[in-house]
4 protein chains.
Amino acid sequence: MPGSSFGHAFRVTTFGESHGGAVGVVLDGARPGVPITTEDIQQQLDRRKPGQSDVGTPRKEPDKVNLLSGVFEGETTGTPMLMILYNADADPSAYDEIKMMFRPGHADYTYLKKYGRRDWRGSGRASGRETAGRVAAGAVARKILAQRGVQVLAYTIAAGGIRCQTFDAAVIEQNPMRACDLEAASAMTQYAAKLKEEQDSMGGIVECRITGVPAGLGEPVFDKLDAELAHGMLSIGSIKGIEFGAGFTAAEMTGSRHNDEMAQVGFLSNNSGGIIGGITTGEEIMFRVPVKPTSSIAKPQQTVDLNGSERMIRTEGRHDTCICPRIVPVVEAMACIVLEDHFKRHAALIA
Amino acid sequence: MPGSSFGHAFRVTTFGESHGGAVGVVLDGARPGVPITTEDIQQQLDRRKPGQSDVGTPRKEPDKVNLLSGVFEGETTGTPMLMILYNADADPSAYDEIKMMFRPGHADYTYLKKYGRRDWRGSGRASGRETAGRVAAGAVARKILAQRGVQVLAYTIAAGGIRCQTFDAAVIEQNPMRACDLEAASAMTQYAAKLKEEQDSMGGIVECRITGVPAGLGEPVFDKLDAELAHGMLSIGSIKGIEFGAGFTAAEMTGSRHNDEMAQVGFLSNNSGGIIGGITTGEEIMFRVPVKPTSSIAKPQQTVDLNGSERMIRTEGRHDTCICPRIVPVVEAMACIVLEDHFKRHAALIA
Amino acid sequence: MPGSSFGHAFRVTTFGESHGGAVGVVLDGARPGVPITTEDIQQQLDRRKPGQSDVGTPRKEPDKVNLLSGVFEGETTGTPMLMILYNADADPSAYDEIKMMFRPGHADYTYLKKYGRRDWRGSGRASGRETAGRVAAGAVARKILAQRGVQVLAYTIAAGGIRCQTFDAAVIEQNPMRACDLEAASAMTQYAAKLKEEQDSMGGIVECRITGVPAGLGEPVFDKLDAELAHGMLSIGSIKGIEFGAGFTAAEMTGSRHNDEMAQVGFLSNNSGGIIGGITTGEEIMFRVPVKPTSSIAKPQQTVDLNGSERMIRTEGRHDTCICPRIVPVVEAMACIVLEDHFKRHAALIA
Amino acid sequence: MPGSSFGHAFRVTTFGESHGGAVGVVLDGARPGVPITTEDIQQQLDRRKPGQSDVGTPRKEPDKVNLLSGVFEGETTGTPMLMILYNADADPSAYDEIKMMFRPGHADYTYLKKYGRRDWRGSGRASGRETAGRVAAGAVARKILAQRGVQVLAYTIAAGGIRCQTFDAAVIEQNPMRACDLEAASAMTQYAAKLKEEQDSMGGIVECRITGVPAGLGEPVFDKLDAELAHGMLSIGSIKGIEFGAGFTAAEMTGSRHNDEMAQVGFLSNNSGGIIGGITTGEEIMFRVPVKPTSSIAKPQQTVDLNGSERMIRTEGRHDTCICPRIVPVVEAMACIVLEDHFKRHAALIA
């Protein structure tokens, strides 16, 4: 009932605040016998960590993962895996102003309203740093999914109003935006640099494609695969929507246009995004999520303080101008967690 | 782990196929002492039932609910409520063709792949008729939410490429599209009539506004209120996306534009859709869902049969040209279920 | 969070009060493709129903089950199965006295305290009639377990202070006590007749043996198989304890005596009751549960009424002198449900 | 579905093997605003740690807890609390023999059968050391329960065939057996010394009394409070049974004797152990659990090795002759966890 766990058969529980002792995850239910190393996990965490480019924050944190249980002689044992990242010491005085005011776009106000208090160092539990635990667990899921023949790939498809016109998987990890079109990436980066000077930020859209999933995954009627992916994606801070296949454009289509007709070779289109009736069709799963502009900007904004007085606030510090490239590995991780959970749930159903 | 339950503290379990013995729901966790009558539930079911207008199917079904447990002397007892709708006898021979072929856009193929068999009468478990159970449980949630001062309102905001230009709550139940703009509704209805002649169908967008929810609901980090609403909405057949507040347009906004600034009077904008960090802000909750065009169309389409041979199929029968108006009460019901669940989960947290 | 569901992968949700519209169960997660008939379920329900012998209540109720979903062409489809038993019309005036007083040993007082109200017709939700739903779902589990080679057998091992001295499986269904020793059964029946005259009742012990379960079932550390069986058994009204294998006598044993030594042929003893570390050993699973004497007795007892005044009460009506024989099929049903759930959970883990 | 979590609204997830990197717990759902210090938790862990007396193992381990999240400025924040105990470096060569053989009474064989491998250092996940996480989470629950006026007290009531004749709460923490009768404690200790010389061990019974719980806790029909306490208790290694109130002796009682009659002052007896119909009566909750003799004994016993060859084994090392005194704080911890969970679940129901 409290909300820090996700998944049923492949279950993750994250813990930690940005400036507490540690962040991390307990992963319960990983198949025994999977070869896994700290490096497998670190590799994914490195894609999420700050300081990778000019688009992101220049902060540099080591973010080294420690794998403290559930692995023996290099393989998973089937018991809970603790993956933990210790927080570096921080200077809490850096947060004196935040302590007294609600930053627009941040969860400062809502956390206070919910819990009657809040850890005002950084963003506490609401910090993007929490997603490190998801990426760690997702790295394990990714390894298992690879054994199943499944590949999960996310990338920036649009940012700052600029949309990718081509798709080239090979360039995604080669540009700071993790965009699928180098030319668009270049325009995005330039626009980001301009916004940075203006002490502003920009949003974008991340797209995810999953291949190799057989037909039959998903648990109607409530735990349809698309419903669960939506749950997982919208649980990522700064993601405020999702659409599968034709998505919102389906609203403007006719049935004869939208229905994916079938032939001996398979489906003739994929407006359904690889999921019909909540169950995979065997086609590529495809969805897009909008990523809101980074809330932390140095441009002055109006807010109120704890006493209700109106104040101006500038969120100083080194922030990401666009969070898309760092959200990409988080989207992939959550997709991996949902999929691995559903492979297991389906196995249980037919067992 | 199987998927026919939803919610934690306010928990619904639906059952039934469109042409089996019955459809319905068991609702566990309703607060004891709530006055509830069969009429309260029937009233919502009547909004969902077929045969309400020319836009929908002309089929007329009584869809009478029976409330068989959990209520005593006119009030909820706090024990499980069984709400059941018996199915009228159907002529299974009407489905002889469906039995052998996969209807495009339908879950015929995916159900067969998942379960190794499927109930081919109507759409079996994948039928929209399953949502009757959700609407029944949602009617109970709605009554309790009214006691809490919460109002949930959904309506068609766009259909067939026509978008509402004004918002008038009073007209929603007065037009067959359940649109919020009478003029747009009229254009939608005309377009629907044309498509009907062409044996085709159309999609749309349903918007939902929820007022009266205090700040503080939602269970980060995975069960953020928007994540759970997304889960609930995408579990409804034919809904393939969701966006909160600014939603996908956030991708084109700057942070200074998107962040909801605060003043003594409250938030100065609502780009977050009433939820920040997964927790309600106290502002209106607002989201939109795309509704795909009805899959069942009489226009011939290509498909394959059970033997893999290519065939043409026409889904005869009386179908909804646009499902939006009948999805509206289902969207409201799922929103009510999610909200009531979160009121209870929050109460448990701080208890 | 509300308590009317049990199991994870094989999940039952019961509903209904003894004098409401119906009692029954929704079973979600049954493997698709299992041949099942109403008769399979009715056969188990008939073992639980009242009016089978002099030891039990002479009330005769048809208790006919209706299977309204989840089965198609004689086989499970993998979707939720609704099994429902309608209640015969009852004369609520028969409960006028109960309405105002708390029957000793009954849940009248605790239900009122919990829910702020209670359905005073019969025992409402606390009625033994609720277990009909469990027996129905257990009958489905039993069929699947038989496909797995598992047999579940429960019987009365002691009652009214009389203990069985021999074990003969063949006689269990041949005597009204469902005891495993005919001679003991005869003594129990005579004692029951005497107590009936005295308007009193008697308790007993039910033992359960499960064979054919392979080594490896159970989900440490919290969902050990013995912990889950304990949960299931103590959720049956009138069962207030459990012990596995040597059970309470282990308290008087030394380690060298209690440890089950191993040889090539297998374990040399079974003090563990077939479960070590919460996981099955492959040996017979064996446990015993104490069954309290029927609370409903005609002998006058002291109680208080709703106003707190002290009163004498006699629970009139036709009650079971000893509930053991009717608890036997309920114990078997719950054991089947727990086991089938764990077969599936194990399948998910290693999938 | 995997088994390392327990509880719904107050939810613990333990992790760790006896000789991996660490053991501990993530506790999610603790009420925000509870003052908690490392010392509060350490105090309970010290009651569980080895090396407290001659009855227990002479091993001395620091077992220092680290509280790394969920607490800010000395109070709980309502977010997950990570409590972790790092394992001291161990010499794995000490386990060379265990590696190849199954120790009788241990979970060596069953873990191998379930997971296809096992961490043979110590007892891996099946080690009693796993309960440290439970005790840590239980310490938090205990603090909250104290705010609610609830006290939980467990103690040894019998061991090695010797039964306490008196009950004196004051002596429990004053004797190495944590028995409630000093004279009996002395006899137990002497018998333990004799068994130690004989390289053997002994079992016992732990009793638990809980006061201050109001009437109304428990979630019928499956999550009755006694069913959930049974689940929690039998999830503790070496506990193989439970009985509430009159327990197994109820089998020999008549209804007129067993029913707890009521008067203006309350219940006139407590054969129900404070729980009727799965809901608390407001009386003292009381249950007993049998504790099996320590499995690790130096006395030679017959077993088989990984190749199936018969072998003799002596479990060398420093083991507890009787585990009862160290199980006592674990029983209390699990009782606290179950109770706090049910306070929250009840709050959710009536919210």
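Read the figures in this text as sums done on the coordinates, not as results from a lab. What you see is a predicted model; the values in this text were computed from it and never measured. Glycine gets a Cβ as well: all are built from the backbone with ideal geometry, and neighbour counts include every protein chain shown.
Here's how it looks for B:Ile205: its modeled amide H is under 5 Å from those of B:Ile157, B:Ala158, B:Ala159, B:Val291, which are all 5 or more places away or on a different chain.
Comparing A:Gly237, A:Gly116, A:Gly51 in a Gaussian network model of chain A (Cα springs below 10 Å), the most mobile by mean-square fluctuation is A:Gly116.
Looking at the square roots a ≥ b ≥ c of the eigenvalues of the Cα gyration tensor of segment C:2-350, which shape do they give, rounded for a/c under 1.5, prolate if a/b is larger than b/c, or oblate? Note, shape of segment C:2-350 comes out oblate. The distance between label points at C:Ala193 and C:Ala88 comes to 2.6 nm (points 7 Å beyond Cα on the Cα→Cβ vector).
A Cβ-based charge dipole, computed about the Cα centre of segment C:2-350 with Lys and Arg at +1 and Asp and Glu at -1, lands at about 660 debye. Here's the list of aspartates and glutamates a cross-link from C:Lys196 could span, going by alpha-carbon distance under 13 Å and ignoring same-chain residues fewer than 8 apart: C:Asp54, C:Glu316, C:Asp320.
In order along segment A:162-178, phi translates into HN-Hα couplings of 9, 10, 5, 9, 10, 10, 9, 4, 5, 8, 4, 7, 9, 10, x, 8, 6 Hz, rounded to whole numbers, per the Karplus curve 6.51 cos²θ - 1.76 cosθ + 1.60 with θ = phi - 60° and x for Gly and Pro. If you plug the beta carbon distance of B:Glu75 and B:Arg148 into 1/(1 + (r/R0)^6) with R0 = 30 Å, you get a FRET efficiency near 0.95. Per residue of peptide B:96-107, the mean number of Cβ atoms on other chains within 10 Å of the residue Cβ is 3. For the options D:Ser238, D:Ser93, D:Ser186, a Gaussian network treatment of chain D with springs between C-alpha atoms closer than 10 Å singles out D:Ser93 as fluctuating the most.
Within a straight-line Cα-Cα reach of under 20 Å, B:Lys99 can be paired with the following lysines, leaving aside sequence neighbours fewer than 8 residues apart in one chain: B:Lys113, B:Lys114, B:Lys299.
Sort C:Phe222, A:Phe10 so the one with the fewest other Cβ atoms within 10 Å of its own Cβ comes first.
On the way: C:Phe222 24, A:Phe10 30.
Ascending Cβ contact count within 10 Å gives the list C:Phe222, A:Phe10.
Helix A:38-48 axis versus longest C-alpha principal axis of chain A: approximately 60°, rounded to the nearest ten.
Let me confirm one metric for peptide D:23-35, namely the mean number of other chain beta-carbon atoms within 10 Å of its residues' beta-carbons. Mind dumping the intermediate values first?
Values: counts 3, 5, 1, 11, 3, 10, 9, 2, 6, 7, 4, 0, 0.
Averaged over the peptide's residues, the number is 5.
By per-residue mean of other Cβ atoms within 10 Å, what is the highest-first order of C:18-27, A:292-301?
On the way: C:18-27: 25.7, A:292-301: 23.4.
Final packing ranking: C:18-27, A:292-301.
For a quick check, take a GNM of chain B with Cα springs below 10 Å and name the residue from B:Glu219, B:Glu252, B:Glu183 with the largest mean-square fluctuation. Maximum among the listed residues: B:Glu252.
Per-residue counts of other Cβ atoms within 10 Å, averaged by peptide: what ranking do you get for D:310-316, B:271-277, highest first?
Working: D:310-316: 16.0, B:271-277: 27.1.
So the peptides D:310-316, B:271-277, ranked by packing, come out B:271-277, D:310-316.
Which angle between 0 and 90 degrees, to the nearest 10, do you get for helix A:182-197 versus the longest principal axis of chain A when only C-alpha atoms count? It works out to around 20 degrees.
The aspartates and glutamates whose alpha-carbon is closer than 12 Å to the alpha-carbon of D:Lys344, local same-chain residues fewer than 8 away aside, are D:Glu219. Calculate the spin-label point distance for B:Ser269 paired with B:Gln302, positioning each point 7 Å from the Cα along the beta-carbon direction, and give it in nanometres. Between B:Gln302 and B:Ser269, the label points sit 4.7 nm apart.
Partner shielding of D:193-199 amounts to 1, given as the average count of beta-carbon atoms from other chains within 10 Å of each residue beta-carbon. Taking the centroid of alpha carbons for each part, segment A:88-166 and segment B:209-225 are 18 Å apart.
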